[in-house]
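After the structure tokens below, expect a handful of questions from me.
Bear in mind that the values in this text are calculations on the coordinates, not laboratory data. Note that this is a predicted model, so its numbers are computed, not measured. Neighbour counts are summed over all protein chains in view; Cβ atoms, including those assigned to glycine, are modelled from backbone coordinates with ideal geometry.
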């Protein structure tokens, strides 16, 4: 069965865009068990819904290193300029989200202690931890913007709901 994904309605509120985005993600990914396919699809649909996002993607927990007792993220599916390849838990915004298990909303990345500047054009960022069904952090979802103060609680709520519905449900 083909799923038709619609562009956000012009003038729609951010809440309405997230509602439509979640419906589209759930429809497209229905029955798809592969995490890479899930992540790539989420990135694609998010970029279509929010074309002003500068960098959008996942950093995935490196399972081999985790088995060796090292908590590290490795770049996963994304859209944007070259991303950092690896980020230790606790380092930068992505590492903070992974280590604290909480969404990080940063209005000005230049003022964030230990920010990792993969691209100097980035000004604000949101990073959402992604949990599996067992409640383990499996990844973080990272979005950067060239504008300051782009992200807020609406983004947090919308993105957390999508990650929960796909990876932890």
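Starting from the Cα of residue 111, step 7 Å toward the Cβ, then list every residue of the stretch 127-163 with an amide N under 13 Å from that point.
Residues 148-150 qualify, since their backbone N sits under 13 Å from the label point.
Contact order normalised by length for the stretch 66-136, with contacts defined as Cα pairs under 8 Å and 6 or more residues apart; what percent is it?
Rounded, it is 26 percent for the stretch 66-136.
While we're here: What base-10 log of the normalised intensity I(q)/I(0) is obtained for the chain from the Debye formula, alpha carbons as equal point scatterers, at q = 0.09 Å⁻¹?
Evaluating at q = 0.09 Å⁻¹ gives log10 I(q)/I(0) of -0.28.
Now a separate question. Roughly what would the spin-label model give for residue 48 and residue 164, points 7 Å off Cα along C-beta, in nm?
About 2.5 nm, to one decimal.
Cα centroids of the stretch 64-101 and the stretch 114-169: how far apart, whole angstrom?
Their Cα centres are 12 Å away from one another.
Give me the log10 of I(q) over I(0) for the stretch 61-126 at q = 0.13, 0.18 Å⁻¹, as the Debye formula computes it from C-alpha points; what are the numbers?
Relative scattering, expressed as log10 I(q)/I(0), comes to -0.36, -0.68.
Pulled fully out, how much extra length does the chain show between residue 23 and residue 134, if you take 0.36 nm times their separation in residues and subtract their Cα-Cα distance?
Full extension from residue 23 to residue 134 adds 37.6 nm.
Can you tell me the relative contact order of the chain? Whole percent, Cα pairs under 8 Å, sequence separation 6 or more.
Relative contact order comes out at 21 percent.
In whole Å, largest first, what are the principal axis extents of the Cα atoms in the stretch 95-160?
If we take the Cα atoms of the stretch 95-160, the spans are 36, 24, 16 Å.
So, one more: How far apart, in nm, are the 7 Å Cα→Cβ label points at residue 157 and residue 70?
The answer from the label model is 4.1 nm.
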